[in-house]
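Note sheet for the following structure.
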C-alpha cells in the first residue's frame, strides 16, 4: 500500500463506524499523507467506569514505538499483518492498542513503460472502509516540538497490510487490511490480548470488494 488515502466528513465516518464520542476536529481530505493527523477509532475508557466507548480521535500517521528515543526518520506508516504480533515495533500495540482508520479509498501507482499510472481503490457504493490499525503513545523529549502532541505525549498510528486480492494485486502486491463492520467490536475489544487470537482474527477478515479507478497523472 502506498502512503496516501482519502476520507470524508467526520459525521459520515463516525456514523459508519458506530462511534459514540468524537474528540477533535479536522477537515476531510482526498490527499492524506504520512505524518499528518488522521482519524483513529479505538476503545476508550468510559468516564466513571463501565464498558469502554468507541471514540474517534486524532493521531499522527507513522507509528513511533514507545521505546524510541527519537522520531523515526522513516515513518512506520504500514505494518505487515503477518508479523505484527511478533515484531518489536508493533507487538505490544497489536495486543493492546488496536484501532480502525476510517477512509473512503486509497491510492496506488502502477508502474508502466510510460511511467506510473495512479489508481483510486474504493467500494463501488463509496461506503466507508475501516483500515485495521495499531497505535502507540510516545513521550516527547523535553524541548522537542511535535505536531499533534498534547501534554508531552504523542499518539501515532500505523495501518496493517496484507497480500493484495487478485483484482488489486496487478496494481500493487500489498493492500490495507479492512475490518468488516460486524467484526469491528472484536478487533477493538481491549480484552483481546493473546497474540495468536489476534493473528486468527486478522486471518478471518475477508478481502473487501474494491473498484480500481484510473486517474490522470496530474
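Go through 182, 199, 189, 151 for me and flag whichever is out of contact with any helix residue (DSSP H, G or I) (no Cβ under 6 Å at 6 or more places or on another chain) and at positive phi.
Values: 182 fails: at positive phi; 199 fails: at positive phi; 189 fails: at positive phi.
Of the residues listed, the single one that is out of contact with any helix residue (DSSP H, G or I) (no Cβ under 6 Å at 6 or more places or on another chain) and at positive phi is 151.
Among the residues of the stretch 177-187, is there at least one that is part of a strand (DSSP E or B), at pLDDT 95 or above, within 20 Å of residue 106 (Cα to Cα) and touching a strand residue (DSSP E or B) at 6+ places or on another chain (Cβ under 7 Å)? Working first, answer last.
Start the filter on the stretch 177-187 by keeping residues that are part of a strand (DSSP E or B), which leaves 178.
Now narrow it down to the ones that are at pLDDT 95 or above: 178.
If we keep only those that are within 20 Å of residue 106 (Cα to Cα) as well, we get 178.
Retained after the next criterion (residues that are touching a strand residue (DSSP E or B) at 6+ places or on another chain (Cβ under 7 Å)): 178.
Yes, the conditions are met somewhere in the stretch 177-187.
When you check residue 171 against the structure, is it surrounded by 12 or more Cβ atoms within 10 Å (Cβ to Cβ) and under 18 Å from residue 54 (Cα atoms), yes or no? Break it down into steps so the answer makes sense when it comes.
Numbers: surrounded by 12 or more Cβ atoms within 10 Å (Cβ to Cβ): yes; under 18 Å from residue 54 (Cα atoms): no.
No.
For residues that are within 16 Å of the chain's Cα centre (by Cα) and closer than 13 Å to residue 38 by Cβ, scanning just the stretch 1-25, find the one that is surrounded by the most Cβ atoms within 10 Å (Cβ to Cβ).
From the stretch 1-25, those within 16 Å of the chain's Cα centre (by Cα) are 1-8, 10, 13-14, 16-17, 19; that's our starting set.
Retained after the next criterion (residues that are closer than 13 Å to residue 38 by Cβ): 3-8, 10, 13.
Numbers: 3: 16, 4: 18, 5: 27, 6: 17, 7: 22, 8: 18, 10: 18, 13: 23.
Top of the filtered list is 5.
Just to be sure, is residue 42 surrounded by 14 or more Cβ atoms within 10 Å (Cβ to Cβ) and modelled with pLDDT under 95?
Values: surrounded by 14 or more Cβ atoms within 10 Å (Cβ to Cβ): yes; modelled with pLDDT under 95: no.
No.
Output yes when any residue across the stretch 149-164 is at pLDDT 95 or above, outside any strand (DSSP E or B), in contact with a strand residue (DSSP E or B) (Cβ under 6 Å, 6 or more places away or on another chain) and surrounded by fewer than 21 Cβ atoms within 10 Å (Cβ to Cβ), and no when none is.
No: the stretch 149-164 contains no residue that is at pLDDT 95 or above, outside any strand (DSSP E or B), in contact with a strand residue (DSSP E or B) (Cβ under 6 Å, 6 or more places away or on another chain) and surrounded by fewer than 21 Cβ atoms within 10 Å (Cβ to Cβ).
Strands (runs of 3 or more DSSP E) wholly in the stretch 94-138 with at least 3 residues that are within 20 Å of residue 76 (Cβ to Cβ) - which ones? Break it down into steps so the answer makes sense when it comes.
Details: elements: 98-103, 105-112, 115-122.
It comes to 98-103, 105-112.
Tally up the residues in the stretch 195-215 that are outside any helix (DSSP H, G or I), under 19 Å from the mean Cα position of the chain (by Cα) and surrounded by fewer than 17 Cβ atoms within 10 Å (Cβ to Cβ), please. Lay out the reasoning, then the answer.
So the first thing to find is which residues in the stretch 195-215 are outside any helix (DSSP H, G or I), and the list is 205-215.
Okay, now just the ones that are also under 19 Å from the mean Cα position of the chain (by Cα), so 205-210.
When the remaining residues are screened for being surrounded by fewer than 17 Cβ atoms within 10 Å (Cβ to Cβ), the result is 206-207, 209.
Adding up the residues that qualify gives 3.
Any chance the stretch 58-71 includes a residue that's within 19 Å of residue 183 (Cα to Cα) and in contact with a strand residue (DSSP E or B) (Cβ under 8 Å, 6 or more places away or on another chain)?
Quick first cut of the stretch 58-71, residues within 19 Å of residue 183 (Cα to Cα) only: none.
Among the residues of the stretch 58-71, not one is within 19 Å of residue 183 (Cα to Cα) and in contact with a strand residue (DSSP E or B) (Cβ under 8 Å, 6 or more places away or on another chain), which makes the answer no.
The values are calculated or read from the model by the stated rules, or taken from the named source; none is laboratory data. Note that the structure is predicted; figures quoted are calculated from it, not measured. Neighbour counts are summed over all protein chains in view; Cβ atoms, including those assigned to glycine, are modelled from backbone coordinates with ideal geometry.
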